[in-house]
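Chemist: Pasting in a structure now, in structure tokens, and then I'll have a few things to ask.
None of the figures in this text is laboratory data; all of them are computed from the coordinates on show. On a predicted model such as this, the values are computed, not experimentally measured, just so you know. Heads up, the Cβs are rebuilt from the backbone with ideal geometry, glycines too, and the neighbour counts pull from every protein chain shown.
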Amino acid sequence: MTKYEIEPGTQHYASMVDILGRAGKLQEALSVIKGMPTEPTESVWGAFITGCRIHGNTDLAAFAADKVFELGAVSSVFRLGVEEQELHLVIEKRGDVSDSSSYQGDPLVCDDKFVFSV
């Protein structure tokens, strides 16, 4: 990166994670995340969750969702385009809810994806 005097920012890392995740290289994407010199942002974890969703890896998606929740940005998970059913599986796996009716937010639908306000 120093050859061109460009310091990679979080959006560069998010793009790399997105490309690797969409290609099904989830472990490589996770390695990029773990190798970041700064803490991964919600956009980085969101890119990873997208790859997990595409390839049906709910275990890694649950791990990434936990990381987003640790950031305190729970609402961003919904804005990332994670469909309600897939997110419910992740949350259920974490043991936070027994059924989707326990969520008290107001769901909105945008482009066939669910967005929740917190």
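Chemist: What nm distance separates the two modelled labels at residue 4 and residue 58, each placed 7 Å from Cα along Cα→Cβ?
Modeler: For residue 4 paired with residue 58, the spin-label model returns 4.1 nm.
Chemist: Working out 0.36 nm times the residue gap between residue 69 and residue 28, then minus their Cα-Cα distance, what length gain in nm do you get to one decimal?
Modeler: Using 0.36 nm per residue and subtracting the Cα-Cα distance, I get 12.5 nm.
Chemist: Going by how many other beta carbons lie within 10 Å of each one, how would you line up 42, 5, fewest first?
Modeler: Least crowded to most crowded, the residues run 5, 42.
Chemist: With 10 angstrom as the radius, rank 31, 43 by how many other C-beta atoms surround their C-beta, starting from the fewest.
Modeler: Sorted ascending by nearby Cβ count, the order is 31, 43.
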